[in-house]
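The values are calculated or read from the model by the stated rules, or taken from the named source; none is laboratory data. Owing to the predicted nature of the structure, the values given are computational and were not obtained by experimental measurement. All Cβ positions, glycine included, derive from the backbone under ideal geometry; neighbour counts span all protein chains shown.
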């Protein structure tokens, strides 16, 4: 199925009834403004444009995910069983201890948002893997719900079946699935804690998860990990036992502040509480993995087809070590081809794109980050589409680059989260608009 025809149909509808779409945009904007879809306390920016995928697109993406997770499973197993392989990763002793601790369920990276550049006809390149404190589910949920009643969707639903994922509901299902595996029985958790440091995280999304857990009948609290105590058998919130933790605090923050949360970490390592997700996910989350998977001296555990897959779908990536003059010179000489990305930051923080700098500034930036836990990565061709943008009631189609986040829960595709922008980096730190995602199928 040619997915482009859905975008064409949408453009035709907008151009034939512009005033209706302007009024509908005002309604959608007001609903989003009054919703829980917020980032850093502000209403999210969005485009009045659905992202369309066909059922064939979804099937193809699921095939790619299956091959990728085979590689990641092998990598995680290699890390947990091979001390020499562990030394390749840039983890501290504390981080390594947490990674090696058994979370009590089989899936060692149960939550992930895998960001990809998907250009339909031209294929897919992975941008990064977020398996640690991943966000965006509530933004996706709100926009899909609001847009599903809009003219943007009704213009298609006469001739096609239009559907979307439920990323928050699906994630709660998987959290509880992993808890039952941890507990070894069908019993339900009596108390759930959503855990992040008080001044961190996305409070609106936490509150929405709390509401959805409570709607199902689960006593749920939002807690700072410093508030929780361990009595040697139970993780406690005051006098109440916590049975299940949905961890949103990132591994980096918890390791940096480990002396403040010794009780929480001890309870986890003792398997006295079910924590979803566990710390083993850091193997997949750390950006150094992109480079490690491309170093032949480390990847003898992959077969020929898996190595081919990495070359096809991963941008060229290298750990930017001290003393690597050859890579440094290449970065300077081929400035427009590369970006520099920190091992463990998010939302575009610390990412430097060669094209965004003058030659002298870039040379200084290269010298500044060398040896500072960065990878050098070849710049991907960002796919672009003409998307509908409404600004001060002026409405028109403009070219935007876009990035699709695939939510994988227990390695199953369970949600989508698309962002668009006109800068070299598509992230909340710079210009960034969210789009709702809809799956469109022919009605038989």
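Details
- Some residue of segment 6-22 being under 19 Å from residue 113 (Cβ atoms) and either in contact (Cβ under 8 Å) with a residue 60 or more places away in the chain or in a helix (DSSP H, G or I) (or both): no
- Test for residue 103: is it surrounded by 15 or more Cβ atoms within 10 Å (Cβ to Cβ), over 25 Å from residue 416 (Cα atoms), touching a residue at least 40 places away in the same chain (Cβ under 8 Å) and touching a helix residue (DSSP H, G or I) at 6+ places or on another chain (Cβ under 9 Å): yes
- Residue check, residue 404 modelled with pLDDT under 90, touching a strand residue (DSSP E or B) at 6+ places or on another chain (Cβ under 7 Å) and part of a strand (DSSP E or B): no
- When restricted to residues that are outside any strand (DSSP E or B), surrounded by fewer than 21 Cβ atoms within 10 Å (Cβ to Cβ) and on the phi < 0 side of the Ramachandran plot, segment 229-248 contains 4.
- Just so you know, in segment 423-442 the residues that are closer than 15 Å to residue 46 by Cβ and out of contact with any helix residue (DSSP H, G or I) (no Cβ under 6 Å at 6 or more places or on another chain) include one that is modelled with the lowest pLDDT, and it is 428.
- 3 or more residues touching a residue at least 60 places away in the same chain (Cβ under 8 Å), more than 26 Å from the chain's Cα centre (by Cα) and over 15 Å from residue 408 (Cα atoms): qualifying helices (runs of 4 or more DSSP H) within segment 127-223: 151-157
- When 78, 33, 93 are checked against the criterion of being under 30 Å from residue 375 (Cα atoms) and free of Cβ contacts under 8 Å to residues at least 24 places away in the same chain, 93 stands alone in meeting it.
Residue-wise test of (1) in a helix (DSSP H, G or I); (2) closer than 30 Å to residue 253 by Cα; (3) touching a strand residue (DSSP E or B) at 6+ places or on another chain (Cβ under 7 Å); (4) in contact (Cβ under 8 Å) with a residue 12 or more places away in the chain.
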residue: 296; (1), (2), (3), (4): no, no, no, no
residue: 302; (1), (2), (3), (4): no, no, no, yes
residue: 308; (1), (2), (3), (4): yes, no, no, no
residue: 311; (1), (2), (3), (4): yes, no, no, yes
residue: 332; (1), (2), (3), (4): yes, no, no, yes
residue: 340; (1), (2), (3), (4): no, yes, yes, yes
residue: 344; (1), (2), (3), (4): no, yes, no, yes
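- The one condition in (1) at pLDDT below 95; (2) out of contact with any strand residue (DSSP E or B) (no Cβ under 7 Å at 6 or more places or on another chain); (3) surrounded by 13 or more Cβ atoms within 10 Å (Cβ to Cβ); (4) farther than 30 Å from residue 313 by Cβ that residue 25 fails to fulfil: (2)
- Considering segment 349-381, the residues that are surrounded by 20 or more Cβ atoms within 10 Å (Cβ to Cβ), modelled with pLDDT under 90 and not in a strand (DSSP E or B) include one that is nearest to the chain's Cα centre (by Cα), namely 351.
- The residue list 64, 76, 116 contains one member that is in a helix (DSSP H, G or I), farther than 15 Å from residue 281 by Cα and touching a helix residue (DSSP H, G or I) at 6+ places or on another chain (Cβ under 9 Å), which is 64.
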